[in-house]
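Structure first, then comments.
Please treat every number below as a calculation from the coordinates, not as lab data. Because the structure is a prediction, the values reported are computed rather than measured.
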Amino acid sequence: MPVLPLRFVPDPVLRQKARRVPGVDTRLEKLVADMIETMVAAPGVGLAAPQVGVSWRVAVIGMPDEESMVLINPAVVRRTGERLVEEGCLSLPSYRGEIKRSVSVTVKARNLQGKEFRIKARGLLAQALEHEIDHLNGVLYVDHLESPDALYRIQPEEEHGL
Ligand code: ZN
């Protein structure tokens, strides 16, 4: 399971709308395993397939002390509320920005067994879900900035991107 090279802004793959995955096969299983390893190595709390150059609707999320979550063809089915968060992205290193995200989201997706599931999340997990699903639509968190002043530089050791 190799760590895959990350794609960075302005790589055009980050701006494409990713394709739906038709089904689970060994190639997809291998991609997911490599994405999890890449996310852990980064380190990050989430990673979407376009960030490793694959324009498929696949994302992984690894919350601290929890088993990694695999999301195939995920979609947000419900959002509630609005809150201001600080956000970063592995594809845009050394920056963070303040943007608005939902207070809670409900997401449906398929897992690696091809089974559909729903998850209702709040806090960092909700933020990570919105961030990764944005990636699958070619959207980056900087698109949500209300002003250029809301983006600032950070030190590399503060990194824990999405
Ligand atoms: Zn990101």
| remark: Under 5 Å from the placed amide H of GLY46, counting only residues 5+ away or on other chains, we find GLY62
| Mind checking which aspartates and glutamates have their C-alpha under 17 Å from LYS30, skipping anything on the same chain fewer than 8 residues away? | none
| Helix-only mean residue ellipticity at 222 nm for the chain, each DSSP H run of n ≥ 4 adding -39500 (n - 2.57), per residue, nearest 500 | -6000 deg cm²/dmol
